[in-house]
1. Roughly how many percent of the accessible protein surface of the chain is carbon and sulfur, given a 1.4 Å probe and a whole-percent answer?
2. Please report, to two decimal places, log10 I(q)/I(0) for the chain at q = 0.21 Å⁻¹ as given by the Debye formula with identical point scatterers on the Cα atoms and no solvent.
3. Based solely on its DSSP helices, what 222 nm [θ] is calculated for the chain when runs of n ≥ 4 H residues each add -39,500 (n - 2.57) and the sum is averaged over all residues, nearest 500 deg cm²/dmol?
4. Over segment 1-98, give the accessible area per residue in Å² for a 1.4 Å probe, as an integer.
5. Rounded to the nearest 20 debye, what is the charge dipole size of the chain about its Cα centre when +1 sits on each Lys and Arg Cβ and -1 on each Asp and Glu Cβ?
6. When only DSSP loop residues count, what trypsin sites (Lys or Arg not before Pro) in segment 62-100 have their Cβ near at most 15 other Cβ atoms within 10 Å?
7. Ordered by packing density, taken as the mean number of other Cβ atoms within 10 Å over each peptide's residues, highest first, how do 90-97, 54-61, 30-37 rank?
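The values are calculated or read from the model by the stated rules, or taken from the named source; none is laboratory data. Every value quoted in this text rests on a predicted model; they were computed, and no experiment measured them. All Cβ positions, even for glycine, are placed from backbone atoms using ideal geometry, and neighbour counts span all protein chains on display. SASA here: full protein model, heavy atoms, side chains in, ligands and nucleic acids out. Shrake-Rupley method; radii C 1.70, N 1.55, O 1.52, S 1.80 Å.
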Amino acid sequence: MKLELKNVKINLEFSEETIMFQADIFVNNKKVGYARNDGHGGCTNYNAYENQREALREAEAYAQTLPSSFFEYNGKKVEIKANLENWVDDQINEYVNAKE
């Protein structure tokens, strides 16, 4: 399965604790949903476009098969299991880092 974010719009000026953005989610080159974060430290939200719920569910299931992320916190290795929200956030972080 091919997952992509397109039409990414980022507003770092109004980002507070997280990156403020909106983007379209594409699965196998088809626009199936959108993701956004208001930049105030909350979770990234995503939803399907009309008649695309099943395609987005498949993307969610696929994202859960991706490798976990690991980081160190207070001297302990912490695992973050893969899911679609984390995948979106990782893609946005890569996008912002590439722009800088």
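1. Ligands and nucleic acids excluded, carbon and sulfur give 44 percent.
2. So the normalised log intensities are -1.13.
3. -8500 deg cm²/dmol
4. Numbers: 6590 Å² over 98 residues.
In whole numbers, segment 1-98 has 67 Å² accessible per residue.
5. Roughly 320 debye, rounded to the nearest 20.
6. Numbers: sites: K76, K77, K81, K99; in loops: K81.
Hits after loop and neighbour filter: K81.
7. Per-residue mean Cβ counts within 10 Å order the peptides as 30-37, 54-61, 90-97.
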